[in-house]
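The values are calculated or read from the model by the stated rules, or taken from the named source; none is laboratory data. What you are looking at is a predicted structure, and each value in this text was computed from that prediction instead of being measured. Virtual Cβ from ideal backbone geometry, glycine too; neighbours counted across all protein chains shown. All accessible areas refer to the heavy atoms of the entire protein, side chains included, with ligands and DNA or RNA removed. Shrake-Rupley method; radii C 1.70, N 1.55, O 1.52, S 1.80 Å.
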Amino acid sequence: MAKTKTRGVSGNPAKRGSAVAPPPKPVTLGDWIGAARLRTLPLAVTPVLIGTGAAILGDPNHLFHWVIALACLAVAVLLQIGVNFANDYSDGVRGTDDHRVGPARLTASRRVKPRTVLLVALTFFGLAAIAGLAIVIRTQQWWMIAVGAVCIVAAWFYTGGKRPYGYNALGEVFVFVFFGLVATLGTTWVQALLLPQEAWAGAVAAGFLACGVLLVNNLRDIDQDRTAGKRTLTVLIGRRGTQILYTILIVLALAIAAWLAIFYPIAWLTFFVVLLLGPAILIVWTYRTPRELITALALTSFGSLAYGAFLFWAFVG
C-alpha cells in the first residue's frame, strides 16, 4: 500500500508537467513589428504630405525640397514608433495592459524585459533626434532644436513618468498639437520658411483625424482603462460622448477639405476618404465587441493618409 501511495504522489512526469503553465512563446520579429503598431504610422505620414504640399504652394519657385521632406518623414515616423514602444513600456510596467483587447504588448506579455522595450523606445527617439538635427543643420533654423526636444519630452510623458498626462484626459491635446499642428507646420516651415493659411488649415485637419484614431483606440479599451485607473477622455465622457466627438472630428476634417476645395478644386477628391471613414463611423456607432473597433481604427488611420495625399495633390496640382 505504501508503494502504491508513493506512486500516486509521484505520478507521471508528463502529467505533472501538463499541470504547469506552458512557458511563454519566444518573441519573434513579427511581435516587434506588431509592437511598433503599424496601423498608427499613417498618422505620421499625413502631416508631412500636407505640410510639404503647402510648402511647395508657398514657395515662390514652387520647389520640392525632397531631401528635407524625406527627413521630416523620418522624424515623424521614428517619433511615432518611439511613442508606441514607450507606451508599451509605461503601460506594461503599470499593469494597464494586463487585460488589453487589442494585440498583446511586449512588456505586458512578460516575454520581453521592460528595460529592453525601454531601450528600443529610446533608440527610436534618438534616431528621430538625429534626423531632426540634420534638418536643423541643413536649414540653419537652430531654434527648432528646442521644438524637437519638446516633442520628445512630450512623447515620453504621454504615458511615462509619475503623472502621465495621457492618464488625465489630455492625450487628445497632445495628439492634436504634435501630430497635427507641430508636424504639419514644422514640415512646411523648414522647406519654405513661411506658413501659408493652407498649412494651418491642413494642420488642423490632420490633428482632428489623429485625435479620431486615438478616440477609437481608447473606446476599445474603455473598460480596461477604467479598471486600471487610466482616466482618458473616453473614460470621462463615456461611450456615447466618444462616439459623438469622433463623428464631429471627422465631419470637421471634411469641412476643412470642402473649404480648401473652393480654391483648389482637386481637394474635392478628398471626399473619397468617406469610403474609409464612413464604415469607420458606422462601426464606432454599432460595434458589439471591442475587437470590432480595431477595424475602425485602421480605417480611420488609412483614411487620414488618403486625406493627406489628396490635399498634397490639390496643393501642387
Output for the stretch 232-243, where each listed residue is part of a helix (DSSP H, G or I) and open to solvent by less than 80 Å² (accessible area, probe 1.4 Å): Leu233, Thr234, Val235, Ile237, Gly238, Gly241, Thr242, Gln243
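In the stretch 202-221, what residues are touching a residue at least 60 places away in the same chain (Cβ under 8 Å) and either in a helix (DSSP H, G or I) or basic (Lys, Arg) (or both)? Explain how you work it out, then say what you get.
Of the stretch 202-221, the ones touching a residue at least 60 places away in the same chain (Cβ under 8 Å) are 202-203, 205-206, 209-210, 212-213, 216-217, 219-221.
Listed by number, the residues that qualify are Gly202, Ala203, Ala205, Ala206, Leu209, Ala210, Gly212, Val213, Val216, Asn217, Leu219, Arg220.
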Take the conditions in contact with a Pro (Cβ under 9 Å, 6 or more places away or on another chain) and either outside any loop (DSSP other than H, G, I, E, B) or modelled with pLDDT of 95 or more (or both) and apply them to Gly53. Does it pass? no
Taking the condition part of a helix (DSSP H, G or I) and in contact (Cβ under 8 Å) with a residue 12 or more places away in the chain, does Val274 pass? yes
Go through the stretch 252-271 residue by residue and tally those that are touching a Phe, Trp or Tyr at 6+ places or on another chain (Cβ under 8 Å), open to solvent by 50 Å² or more (accessible area, probe 1.4 Å) and not in a helix (DSSP H, G or I). 0
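Within the stretch 137-146, can you find the residues that are free of Cβ contacts under 8 Å to residues at least 60 places away in the same chain and either open to solvent by less than 50 Å² (accessible area, probe 1.4 Å) or within 10 Å of Val75 (Cβ to Cβ) (or both)?
Let us first name the residues in the stretch 137-146 that are free of Cβ contacts under 8 Å to residues at least 60 places away in the same chain, namely 137, 140-146.
Selection gives Gln141, Met144.
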Residues of the stretch 168-184 being open to solvent by less than 20 Å² (accessible area, probe 1.4 Å) and either out of contact with any helix residue (DSSP H, G or I) (no Cβ under 7 Å at 6 or more places or on another chain) or closer than 21 Å to Val316 by Cα (or both), in sequence order, are Gly180, Thr184
When you go through Ala149, Ala154, Ala134, Ala199 one by one, which is the residue that is crowded, with 22+ Cβ neighbours inside 10 Å, in a helix (DSSP H, G or I) and in contact with a helix residue (DSSP H, G or I) (Cβ under 9 Å, 6 or more places away or on another chain)? Ala199
Output the number of the condition that Gly229 fails; it satisfies all remaining conditions of (1) open to solvent by 50 Å² or more (accessible area, probe 1.4 Å); (2) over 18 Å from the mean Cα position of the chain (by Cα); (3) over 22 Å from Ala69 (Cβ atoms). (1)
Would you mention how many residues in the stretch 233-245 are more than 15 Å from Phe176 (Cα to Cα) and in contact (Cβ under 8 Å) with a residue 60 or more places away in the chain? 2
Residue list for the stretch 298-310, restricted to those being farther than 14 Å from Leu275 by Cα and either open to solvent by less than 10 Å² (accessible area, probe 1.4 Å) or free of Cβ contacts under 8 Å to residues at least 40 places away in the same chain (or both): Gly308
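Which of the residues spanning the stretch 157-167 are open to solvent by 60 Å² or more (accessible area, probe 1.4 Å) and closer than 13 Å to Asn84 by Cα?
Restricting attention to the stretch 157-167, the residues satisfying the condition of being open to solvent by 60 Å² or more (accessible area, probe 1.4 Å) are 157, 162-163.
Residue satisfying the conditions is Phe157 alone.
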Residues located in the stretch 106-119, provided they are assigned to a helix (DSSP H, G or I), surrounded by fewer than 21 Cβ atoms within 10 Å (Cβ to Cβ) and not basic (Lys, Arg): Pro114, Thr116, Leu118, Leu119
In the stretch 138-164, what count of residues is obtained for those that are more than 16 Å from the chain's Cα centre (by Cα) and over 18 Å from Tyr89 (Cα atoms)? 13
